[in-house]
Amino acid sequence: MGGFAATCFGPGVAPEGQRVRARFDGDMLILELGQGREARVFAADVRLSAGGFDGRQMLLSWSSGAGDWSVLPADPAALERLAGSAPATFRAEVERWRCSARTARRGLRRTWLVLGVLLASPLLLALLFFWQSERFAGWVTDGIPVAMERQLGELAFAQFRAGGRLLEEGTAVAAVREIGQRLTAGSVYDYRWHVLADPAVNAFAVPGGHVVVHAGLLLEADSAEEVAGVLAHEVQHVERRHSLRGMVHALGWQALLGLALGDLSGSVWGGMAYELGRLRFGREQESAADREGLKLLRKAQIDPRGMLSFFEKLAAREEAGIALLSTHPLSTERLATLQQALREQGSWVSRPLPYDWTAIKSELAVTLEQRWR
Amino acid sequence: MAMDVIDYQIYGDDMQFVEITLDPGEAAVAEAGGMMYMEDGIVMETVFGDGSEQQSGLLGKLMGAGKRLLTGESLFTTVFVNQADSRKNVAFAAPYPGKIIPVDLGELGGTLVCQKDSFLCAAKGVSLGIAFQRKLGVGLFGGEGFIMQKLEGDGMAFVHAGGTLFERTLAPGELLRIDTGCIVALQPSVTYDIEYVGKIKSALFGGEGLFFATLRGPGKVWLQSLPLSRLANRIVAAVPGIGGSSADEGSVLGGLGRMFERN
């Protein structure tokens, strides 16, 4: 023992380097070159530095009269252990090496970390956005004034209106308008009521106050109270800015995915993200609209049993195998929640809606018949 | 582990191949697809990993194979075993113009770091690993990327590179500045770094790029005069339709005729 294995380069040594043993003797560093040959150097003259392919190899170097020498310890730890037996100046060199190696390692780790974070940041951002998207959309939505919301809604609705499938007159349209106005008295939104010539049982609200009811829904309803229930639900989507939030959501996703994936057209991704967001938050919004819709009915003194019976009908259709949007909670579930909410609120005095719904339906059926012929 | 000692002969000038003579029972490993011919009696076997049997167990083999993917090699290596009872030859050809360097790993201290993709063949027992460049600047601008190939063992290995090969022994502390991309192989004792060319004018208009690679001794280095990528660039630039002009040199009109070829 008493030495360390190393590879030696220098004058008179094989150019590819030679395996040697090195040891300290007093203030000398001695290399055993084999065949009795030795190289000696004052340990105080030896400098330690980092080198090698990846900068992690320890290099001992010095100059002699014949030329420059380099020694690469096979195991730097062995040399560090031995440094105790070396002169103080060399010990200081070893200490310096240890420090600089540590600093270099730390700096390198930091660089790689920063690089990794930079590379991963779009992904992290997307994850954060997905996780907190509802909150972000909420912030943005809260920052949009009602006037701008209305403009946005008009823009979106103008395209829809251009489709030419809206019914402009008839008792059904008038009834929907009147019920709607009774529900929304005193709202900051300027509501417009429309009936769409479409056989689907559906209704939707556009930001800013356009509410569209499909004719199929009106035909499915058995009383004006049932229609009022649906309208109250849709009005709550507007009041609570659900559709605006949806738009903000979709736009945000589109922008973010465009940024992360470099696809600036982003339309496919935007659509996908919007659907994803709806799947996650749609149910929540629907239940909220149900609950608040009930309150609206109470304020307008409309019998809530219409809303309940219409959801019963929807539940029956669901069982019959007609698929509803999965973003809506199951109608049976909704029904139970609604009944619960109704029990909590207690019943109220209601004024019946003054419409002969059977007559309205038959007139609507005739109008549609003419239209579709 | 004991390496197979092999005899070899390199043929050709600028498009070389190496013929390896295997004693009965001896074997050589090669990159998949490198074989040129083999005599009757030599059996080819494809193994997962590098065939050095240094990695034990499935996990070790998978790791080895993963590393090989990083260096741009195939997942599989081909082992050529002489199963006859006399000496037989097998030959491996370089895939593009250049030289084959025979390297005795035992003489070099057991390890050689070389350019990705440059390994051609070796005596069985030589292991192929990766040498990861931890220095960010060198990895990005050194011309060889973050990952190089590491050959370990003490037998013969054959490495291939483009153009003319130049072997140089650097004395301790001796510094050589090199155009990035020209490094083929180096001993691990050589310090590999980069250096900014110095002046903004030379960086932009000097044509040598922003950085030199620097190699500081001690140790042996091998340089190539024509990296394949440089050759490929020139070829692509000269191919009509991809980026070059159609050099219809026999045309009577010459340049005048070509005036009308492009809109």
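Summary of computed values
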{"item": "Complete set of residues in the range B:123-149 that are charged (D, E, K, R) and either within 9 Å of chain A (Cβ to nearest Cβ) or under 24 Å from A:THR103 (Cα atoms) (or both)", "result": "B:ARG134, B:LYS135"}
{"item": "Complete set of residues in the range A:37-89 that are among the basic types (Lys, Arg) and within 14 Å of chain B (Cβ to nearest Cβ)", "result": "A:ARG47, A:ARG56"}
{"item": "Residues located in the range A:1-55, provided they are under 60 Å from the mean Cα position of the chain (by Cα), touching a residue at least 60 places away in the same chain (Cβ under 8 Å) and surrounded by 19 or more Cβ atoms within 10 Å (Cβ to Cβ)", "result": "A:PHE4, A:ALA6, A:THR7, A:CYS8, A:PHE9"}
{"item": "Selection from the range A:56-87 of residues that are surrounded by 17 or more Cβ atoms within 10 Å (Cβ to Cβ), among the aliphatic types (A, V, I, L, M) and not in a loop (DSSP other than H, G, I, E, B)", "result": "A:MET58, A:LEU59, A:LEU60, A:VAL71, A:LEU72, A:LEU79, A:LEU82, A:ALA83"}
{"item": "Candidate set: the range B:83-122, residues that are out of contact with any strand residue (DSSP E or B) (no Cβ under 8 Å at 6 or more places or on another chain) and in contact (Cβ under 8 Å) with a residue 24 or more places away in the chain; chosen: the one nearest to the other protein chains (Cβ to nearest Cβ)", "result": "B:GLY106"}
{"item": "All helices (runs of 4 or more DSSP H) inside the range A:178-263 with 3 or more residues being crowded, with 24+ Cβ neighbours inside 10 Å and in contact with a Leu (Cβ under 7 Å, 6 or more places away or on another chain)", "result": "A:224-239"}
{"item": "Filter result (of a type in the set (A, V, I, L, M) and within 14 Å of chain A (Cβ to nearest Cβ)) within the range B:185-203", "result": "B:ALA185, B:LEU186, B:VAL190, B:ILE194"}
{"item": "Of all residues making up the range B:72-92, the number that are acidic (Asp, Glu) and modelled with pLDDT of 90 or more", "result": "1"}
{"item": "Count - residues of the range A:284-311 that are modelled with pLDDT under 85 and not in a helix (DSSP H, G or I)", "result": "0"}
{"item": "Residue list for the range A:213-259, restricted to those being closer than 23 Å to A:ALA185 by Cα and hydrophobic (A, V, I, L, M, F, W, C)", "result": "A:VAL213, A:LEU218, A:ALA224, A:VAL227, A:ALA228, A:VAL230, A:LEU231, A:ALA232, A:VAL235, A:VAL238, A:LEU244"}
{"item": "Subset tally (residues that are of a type outside the set (S, T, N, Q), assigned to a strand (DSSP E or B) and at pLDDT 90 or above) for the range B:166-181", "result": "8"}
{"item": "Spans of strands (runs of 3 or more DSSP E) in the range B:86-155 with at least 1 residues of a type in the set (Val, Ile, Thr) and farther than 17 Å from B:GLU31 by Cβ", "result": "B:111-114"}
{"item": "Criterion (surrounded by 14 or more Cβ atoms within 10 Å (Cβ to Cβ), assigned to a helix (DSSP H, G or I) and within 35 Å of the chain's Cα centre (by Cα)) met by exactly one of A:ALA175, A:ALA156", "result": "A:ALA156"}
{"item": "Test for B:GLY64: is it of a type in the set (Gly, Ala, Ser), surrounded by 19 or more Cβ atoms within 10 Å (Cβ to Cβ), at pLDDT below 90 and under 30 Å from A:ARG19 (Cβ atoms)", "result": "yes"}
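Matching residues to (1) within 19 Å of B:GLY142 (Cβ to Cβ); (2) of a type in the set (D, E, K, R); (3) away from chain A (no Cβ under 14 Å); (4) buried (at least 17 other Cβ atoms within 10 Å of the Cβ):
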position: B:GLU167; (1), (2), (3), (4): no, yes, no, no
position: B:GLY173; (1), (2), (3), (4): no, no, no, yes
position: B:ILE183; (1), (2), (3), (4): yes, no, no, yes
position: B:PHE205; (1), (2), (3), (4): no, no, yes, no
position: B:PHE211; (1), (2), (3), (4): yes, no, yes, yes
position: B:SER229; (1), (2), (3), (4): yes, no, yes, no
position: B:ALA232; (1), (2), (3), (4): no, no, yes, no
position: B:VAL236; (1), (2), (3), (4): no, no, yes, no
position: B:PRO240; (1), (2), (3), (4): no, no, yes, no
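Yes/no per residue for (1) among the small types (Gly, Ala, Ser); (2) in contact with a helix residue (DSSP H, G or I) (Cβ under 7 Å, 6 or more places away or on another chain):
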position	(1), (2)
B:GLY142	yes, no
B:GLY145	yes, yes
B:GLU167	no, no
B:VAL184	no, no
B:THR191	no, no
B:TYR196	no, no
B:GLY206	yes, no
B:ALA213	yes, no
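The values are calculated or read from the model by the stated rules, or taken from the named source; none is laboratory data. Note that this is a predicted model, so its numbers are computed, not measured. Note that we place each Cβ from the backbone using ideal geometry, even for glycine, and neighbour counts take in every protein chain shown.
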